[in-house]
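The values are calculated or read from the model by the stated rules, or taken from the named source; none is laboratory data. Because the structure is predicted, anything quoted here is derived from the model rather than measured. A quick note on method: Cβ atoms are made from the backbone with ideal geometry, for glycine too, and the neighbour counts reach across all protein chains shown. Ligands, DNA and RNA are excluded from the accessible area calculation, which covers all protein heavy atoms including side chains. Shrake-Rupley method; radii C 1.70, N 1.55, O 1.52, S 1.80 Å.
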Amino acid sequence: MTELLAKIIDAYGGAERYDTVSTIKLDVDYQGPFWEFKGHADFAGVEETVADLHAQKITQRSRATGRTVEFDQDKRLVTVTSADGTVLDTLRNPRDTFEGYTPDTKWSLAQIAYFRSYATHFYLPEPFLFTWPGTIAEEIEPWVENGEAWRGLSITFPKNIDTHNETQKYYFDDKGLLRRMDYQPVVNGYSPTAHYVSGHTEVDGIIVATTREIFIRQENGTPDRSWTPIRLDLSDISFE
């Protein structure tokens, strides 16, 4: 573990505290035009979410429609069911179905369910996720923004963790809190993305970021803030 990663883990509550919990429950409010652009406007809204913090498993239930999405990375399976339990769509090995897709490609119901599931899940265990077996962390050059220098980590994930792409960059402030992450989602044609994190709050001794804003990343690394394709607001958070 690098010196920086050790500082970050401590800032978020410490590994000992994190190891005592297994599940996070929360509401996630998904906003932005991205969902409609991909052909599923009803994927915006509040989802009652339950996620395993030590394996990539997540269940989300739409507060508006009762539709449920379940994703289990170990089984390579995503399933979408209606409020009455009818299976609306299912997909095995979902990552393989995005081959050749571009940012303009529309997605099936199961594909957008998969994207939202894996993305949301790997946000929730950050930064403890960086210590999972097979994950490699290396310090990189800082990112300077608005007069602040945020120290950087390059994180390379093993194949048994579904992420936007294999190696992603994360930037942390002086307190050790995540402020920005950079990636290029494989499923969306490797579109350059700048993802900003804020609203850090303590829940039962663990720090959780409650706001996430996702922008197109321009060639010089700055975000295009003229619009916000995706925003997440997290609330009613608890650990078990």
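For this structure, a couple of remarks:
- Rolling a 1.4 Å probe across the protein heavy atoms gives the chain an accessible surface of 45 Å² per residue.
- From helices alone, the chain scores -3500 deg cm²/dmol at 222 nm; the rule is -39500 (n - 2.57) for each run of n ≥ 4 DSSP H residues, then divide by the residue total.
- Pairs of Lys residues in the chain, spaced 8 or more positions apart or belonging to different chains, with C-alpha separations under 23 angstrom: 9 in total.
- Counted over all Cα-Cα pairs of the chain, pairs farther apart than 22 Å make up 52 percent.
- Dipole in debye (nearest 20) - the chain, about Cα centre, beta carbon charges: Lys, Arg +1; Asp, Glu -1: 480 debye
- For residue 156, the shell of other residues with beta-carbons less than 10 Å away shows a net charge of -2, using +1 for Lys and Arg and -1 for Asp and Glu.
- For segment 99-240, the extents of the C-alpha atoms along the principal axes are 40, 40, 31 Å, listed from largest to smallest.
- Full-extension gain in nm, residue 64 to residue 20, via 0.36 nm per residue minus C-alpha separation: 12.6 nm
- Within the accessible area of segment 21-61 (1.4 Å probe), percent carbon and sulfur: 51 percent
- By accessible area, using a 1.4 Å probe on protein heavy atoms only, segment 102-201 has 51% of its surface on carbon and sulfur.
- Approximate shape of segment 50-132 as ellipsoid semi-axes (Cα gyration tensor, √5λ), whole Å, largest first: 21, 18, 11
- Zero-based 10 Å bins, Cα pair distances in segment 110-158, whole percents: 22, 36, 33, 10, 0
- Total charge dipole magnitude, segment 169-230, about the Cα centre, Cβ charges on Lys, Arg, Asp, Glu only, Debye to nearest 20: 120 debye
- Computed with the Debye formula from one identical point scatterer per Cα of segment 118-190, without solvent, the log10 of I(q)/I(0) at q = 0.11, 0.13, 0.20, 0.23 Å⁻¹ comes to -0.27, -0.38, -0.86, -1.10.
- The overall shape of segment 1-140 is prolate: from the C-alpha gyration tensor, with semi-axes ordered a ≥ b ≥ c, the ratio a/c is 1.5 or greater and a/b exceeds b/c.
- Among 12, 71, 44 the positive-end extreme of the charge dipole of segment 1-75 (Cβ point charges): 44
- Cβ-placed point charges (K, R +1; D, E -1), dipole of segment 11-101 about Cα centre in debye, nearest 20: 80 debye
- The angle between the Cα long axis of helix 109-123 and the main principal axis of the chain comes to about 20°, on a 0 to 90 degree scale.
- When all protein chains stay in place and ligands, DNA and RNA are ignored, the 1.4 Å accessible-area order of 227, 150, 132, largest first, is 227, 132, 150.
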